[in-house]
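**Student:** Have a look at this one before I ask anything.
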2 protein chains.
Amino acid sequence: MIEYSGQPHYLVAVDCIVFGFDGEHLKILLVKRGLEPEINKWSLMGGFVGANESPDDAANRVLKKMTGLEGVYLEQMQIYGEPGRDPIERTLSVGYFALIDIHKYEAQLNDDYEAEWFLINDRPKLIFDHDQMVADARKKLRYKAALHPILFEMLPKKFTIPQLHILFEEVNDTKIDTRNFSRKITSTGLLIKLAEKDRTGSKKGAFYFKLDKKKYNANSQAFLNLMPNLKI
Amino acid sequence: MIEYSGQPHYLVAVDCIVFGFDGEHLKILLVKRGLEPEINKWSLMGGFVGANESPDDAANRVLKKMTGLEGVYLEQMQIYGEPGRDPIERTLSVGYFALIDIHKYEAQLNDDYEAEWFLINDRPKLIFDHDQMVADARKKLRYKAALHPILFEMLPKKFTIPQLHILFEEVNDTKIDTRNFSRKITSTGLLIKLAEKDRTGSKKGAFYFKLDKKKYNANSQAFLNLMPNLKI
DNA sequence: TCAAAAGTGTTGTCCCTACACCCATGT
DNA sequence: ACATGGGTGTAGGGACAACACTTTTGA
């Protein structure tokens with residue numbers, strides 16, 4: 001019987017930074033931690049990687065369990081593995097960031113967990129190294145969104161250009177010229193204009209668009225330069 | 001005494017995809033595996049994460065041990081954690097890619113390990129999921145190198161533009177116009193022209209350059225569009 | 001009629017690519 | 001002299017940012 005004798009074994013967890021957009025501000029979803037230590041403090045959604053699942057599986061399972069949502073946009077970020085990051089026992093955690101449509105979440109809220117949306121810039125202090133994870137996720141989201149059309153994942157199926165515009169400004173924490181933005185985003189060819197208008201925001205109303213799924217899936221790897229004066 | 005009772009524990013390893021450049025072709029450094037199972041098969045440089053080190057520490061330690069080199073460019077890629085990826089025992093592995101100056105390596109080769117450079121496109125089959133790791137690393141290297149000035153890490157302190165040019169072509173597996181390339185790369189302002197010329201490649205000789213460390217460190221996060229017709 | 005937001009037009013600038021051509025030098 | 005890479009010049013086109021303007025419609 002072959003074995004890797006004498007090597008230490010560790011717990012492996014996943015933690016998810018869940019981003020949402022309420023139409024005005026970027027938010028993250030936090031939960032009150034249900035186990036010791038630090039019980040009842042705010043933390044990211046997380047859980048241990050089970051014996052028969054990959055970390056990706058685990059992250060999807062955790063999200064399903066805590067939000068009720070499946071098929072969420074989920075991206076592996078990095079591993080957090082400093083020896084002392086969990087005071088009880090050595091635990092390595094794989095950080096993920098998730099993008100969800102906040103309204104979809106509210107529709108099927110799972111009340112078993114005390115979860116709450118917080119403004120990204122006004123959130124409680126989190127346990128362990130979770131604040132670092134949020135900072136890293138924010139940075140990575142910005143980076144990725146500048147080059148790839150992923151922010152659609154935080155909007156409903158039907159959305160308007162002004163909505164998308166505000167979202168881009170929120171994520172990048174900057175002002176973007178509305179006129180150039182709408183042209184740039186439509187010129188990607190990823191949007192399909194619908195006949196219907198959203199009239200809640202203005203008298204004139206803004207046309208709804210939906211994503212061209214086919215082109216979206218084909219182009220999700222392409223570089224798009226979605227941000228003016230691209231700098232990080 | 002608080003504990004996370006009943007959760008499974010796993011081995012955690014690191015595996016490094018080490019890239020090098022011999023002046024003509026992109027290569028990777030492989031080792032003959034020294035333990036069962038699959039002993040004497042070719043594999044990536046790897047090792048288990050020790051009790052008092054982070055995965056990043058472990059990757060640096062493994063590289064130091066097997067190549068003798070310190071301060072190597074090392075970047076975390078992703079975690080590989082499918083339940084059955086190691087047939088002996090569940091092991092999660094953090095993949096890293098490393099860029100090293102192949103000549104520096106040869107200068108202080110560690111003969112304790114049977115290590116060998118292989119052409120990236122002509123390498124032996126590797127154990128477990130290491131072939132997948134190499135494919136992922138190649139893709140990530142290409143992606144990153146298109147936007148950030150990291151390929152310098154594979155060249156000596158003094159290098160010529162034609163050398164850099166071939167390296168870019170190798171990494172991206174494409175032809176790049178030499179004339180436009182040299183202008184684009186010098187226009188980044190990251191290079192300092194030296195008085196000396198390399199005359200091994202041509203009669204005229206090509207000027208040596210070195211990296212402007214100060215600007216390099218300041219700009220390593222900037223987007224640079226180093227590849228024409230940027231597509232992935 | 002007016003305010004307010006949506007969205008189109010316009011223009012100058014800069015960058016990028018393609019390609020021609022000159023440069024330096026060992027043989 | 002001439003072959004061989006190294007490197008610069010140049011011109012056309014396209015993208016992009018800046019900003020003016022029109023459109024739509026509820027109040």
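The values are calculated or read from the model by the stated rules, or taken from the named source; none is laboratory data. Everything quoted here is computed from the prediction, not taken from an experiment. Because the Cβ atoms are built from the backbone with ideal geometry, glycine has one as well, and the counts that use them run over all protein chains shown.
**Student:** Conditions first: (1) away from DNA strand D (no atom under 14 Å from the Cβ); (2) buried (at least 20 other Cβ atoms within 10 Å of the Cβ); (3) farther than 30 Å from B:Ile88 by Cα; (4) in contact (Cβ under 8 Å) with a residue 60 or more places away in the chain. B:Leu167 passes all but one, so which condition is the exception?
**Tutor:** (1) is the only condition that B:Leu167 fails.
**Student:** Among residues belonging to the stretch B:63-82 that are under 29 Å from B:Gln7 (Cα atoms) and in contact with a Gly (Cβ under 9 Å, 6 or more places away or on another chain), point out the one that is surrounded by the most Cβ atoms within 10 Å (Cβ to Cβ). Step through it out loud before you land on a result.
**Tutor:** Filtering the stretch B:63-82 for residues under 29 Å from B:Gln7 (Cα atoms) gives B:76-82.
Then keep just the ones that are in contact with a Gly (Cβ under 9 Å, 6 or more places away or on another chain); that gives B:76-80.
Values: B:Gln76: 17, B:Met77: 20, B:Gln78: 20, B:Ile79: 24, B:Tyr80: 22.
Result: B:Ile79.
**Student:** Scan the stretch B:87-138 for residues that are in a helix (DSSP H, G or I) and either over 16 Å from the mean Cα position of the chain (by Cα) or in contact (Cβ under 8 Å) with a residue 12 or more places away in the chain (or both) and jot them down.
**Tutor:** Restricting attention to the stretch B:87-138, the residues satisfying the condition of being in a helix (DSSP H, G or I) are B:102-107, B:130-138.
The answer is B:Ile102, B:His103, B:Lys104, B:Tyr105, B:Ala107, B:His130, B:Gln132, B:Met133, B:Val134, B:Asp136, B:Ala137, B:Arg138.
**Student:** Quick check on this structure: which one of B:Leu164, B:Leu194, B:Leu141, B:Leu190 is more than 16 Å from DNA strand C (Cβ to nearest atom) and not hydroxyl-bearing (Ser, Thr, Tyr)?
**Tutor:** Values: B:Leu164 fails: more than 16 Å from DNA strand C (Cβ to nearest atom); B:Leu194 fails: more than 16 Å from DNA strand C (Cβ to nearest atom); B:Leu190 fails: more than 16 Å from DNA strand C (Cβ to nearest atom).
Of the residues listed, the single one that is more than 16 Å from DNA strand C (Cβ to nearest atom) and not hydroxyl-bearing (Ser, Thr, Tyr) is B:Leu141.
**Student:** When you scan the stretch B:1-51, how many residues do you find that are away from chain A (no Cβ under 14 Å), closer than 20 Å to B:Arg61 by Cβ and of a type in the set (A, V, I, L, M, F, W, C)?
**Tutor:** Number of matching residues: 10.
**Student:** Let me ask you something else. Do we have A:Leu151 as away from chain B (no Cβ under 14 Å) and not β-branched (Val, Ile, Thr) here? Talk me through it step by step, then tell me what you get.
**Tutor:** Numbers: away from chain B (no Cβ under 14 Å): yes; not β-branched (Val, Ile, Thr): yes.
Answer is yes for this residue.
**Student:** Under the condition of being in contact with a Leu (Cβ under 8 Å, 6 or more places away or on another chain) and within 9 Å of another protein chain (Cβ to nearest Cβ), which residue from the stretch B:52-62 is surrounded by the most Cβ atoms within 10 Å (Cβ to Cβ)?
**Tutor:** At the first step, the residues of the stretch B:52-62 found to be in contact with a Leu (Cβ under 8 Å, 6 or more places away or on another chain) are B:55-56, B:59-60.
With within 9 Å of another protein chain (Cβ to nearest Cβ) added as a condition, the list becomes B:55-56.
Values: B:Pro55: 24, B:Asp56: 19.
Here the answer is B:Pro55.
**Student:** Now for a different question. Taking the conditions exactly as written (assigned to a strand (DSSP E or B) and either near DNA strand C (Cβ under 9 Å from one of its atoms) or among the β-branched types (Val, Ile, Thr) (or both)), does A:Lys210 satisfy them or not? Working first, answer last.
**Tutor:** Details: assigned to a strand (DSSP E or B): yes; either near DNA strand C (Cβ under 9 Å from one of its atoms) or among the β-branched types (Val, Ile, Thr) (or both): no.
Spelling it out, it is not the case that A:Lys210 is assigned to a strand (DSSP E or B) and either near DNA strand C (Cβ under 9 Å from one of its atoms) or among the β-branched types (Val, Ile, Thr) (or both).
**Student:** Quick check: is even one residue across the stretch B:127-139 more than 15 Å from DNA strand D (Cβ to nearest atom), of a type in the set (Lys, Arg) and more than 14 Å from every other protein chain (Cβ to nearest Cβ)? Lay out the reasoning, then the answer.
**Tutor:** Of the stretch B:127-139, the ones more than 15 Å from DNA strand D (Cβ to nearest atom) are B:127-139.
Imposing the further condition that a residue be of a type in the set (Lys, Arg) reduces the set to B:138-139.
Now narrow it down to the ones that are more than 14 Å from every other protein chain (Cβ to nearest Cβ): B:138.
So far as the stretch B:127-139 goes, yes, one or more of its residues are more than 15 Å from DNA strand D (Cβ to nearest atom), of a type in the set (Lys, Arg) and more than 14 Å from every other protein chain (Cβ to nearest Cβ).
**Student:** Quick check on the stretch B:103-111. Is at least one of its residues modelled with pLDDT under 95 and over 27 Å from B:Phe168 (Cα atoms)?
**Tutor:** Of all residues in the stretch B:103-111, those modelled with pLDDT under 95 come to B:103-111.
When the remaining residues are screened for being over 27 Å from B:Phe168 (Cα atoms), the result is B:110-111.
Checking the stretch B:103-111: at least one residue is modelled with pLDDT under 95 and over 27 Å from B:Phe168 (Cα atoms).
**Student:** Can you go through A:Asn180, A:Asn172 and tell me which one is loosely packed, with under 11 Cβ neighbours inside 10 Å and on the phi < 0 side of the Ramachandran plot? Walk me through how you get there before you give the answer.
**Tutor:** Numbers: A:Asn172 fails: loosely packed, with under 11 Cβ neighbours inside 10 Å.
When all the criteria are applied, what remains is A:Asn180.
**Student:** Being among the polar types (S, T, N, Q) and closer than 21 Å to A:Ser5 by Cα is true for just one of B:Asn40, B:Asn60. Which residue is that? Talk me through it step by step, then tell me what you get.
**Tutor:** Working: B:Asn60 fails: closer than 21 Å to A:Ser5 by Cα.
Sole residue among the options that is among the polar types (S, T, N, Q) and closer than 21 Å to A:Ser5 by Cα: B:Asn40.
**Student:** Being part of a loop (DSSP other than H, G, I, E, B), of a type in the set (A, V, I, L, M) and touching a residue at least 24 places away in the same chain (Cβ under 8 Å) is the filter here; which residues of the stretch B:51-86 pass it?
**Tutor:** So the first thing to find is which residues in the stretch B:51-86 are part of a loop (DSSP other than H, G, I, E, B), and the list is B:51-54, B:68-72, B:81-86.
Those still in the list that are of a type in the set (A, V, I, L, M) too: B:51, B:69, B:72.
The answer is B:Leu69, B:Val72.
**Student:** Applying the selection to the stretch A:208-232, what residues are at pLDDT 90 or above and exposed (fewer than 14 other Cβ atoms within 10 Å of the Cβ)?
**Tutor:** Across the stretch A:208-232, the qualifying residues are A:Lys213, A:Lys214.
**Student:** Let me ask another. Among the residues of the stretch B:1-43, what is the count of those that are in contact with a Leu (Cβ under 7 Å, 6 or more places away or on another chain) and part of a loop (DSSP other than H, G, I, E, B)?
**Tutor:** Matching residues across the stretch B:1-43 total 4.
**Student:** Okay, next question. Considering every residue within the stretch A:183-195, establish whether at least one is touching a residue at least 40 places away in the same chain (Cβ under 8 Å), within 11 Å of DNA strand D (Cβ to nearest atom) and touching a Phe, Trp or Tyr at 6+ places or on another chain (Cβ under 9 Å). Step through it out loud before you land on a result.
**Tutor:** Within the stretch A:183-195, the first condition is being touching a residue at least 40 places away in the same chain (Cβ under 8 Å), and the residues that meet it are A:184-185, A:190.
Keeping just the survivors that are within 11 Å of DNA strand D (Cβ to nearest atom) gives A:184-185.
In the following step, the residues that additionally are touching a Phe, Trp or Tyr at 6+ places or on another chain (Cβ under 9 Å) were identified as A:185.
Yes, that holds for at least one residue.
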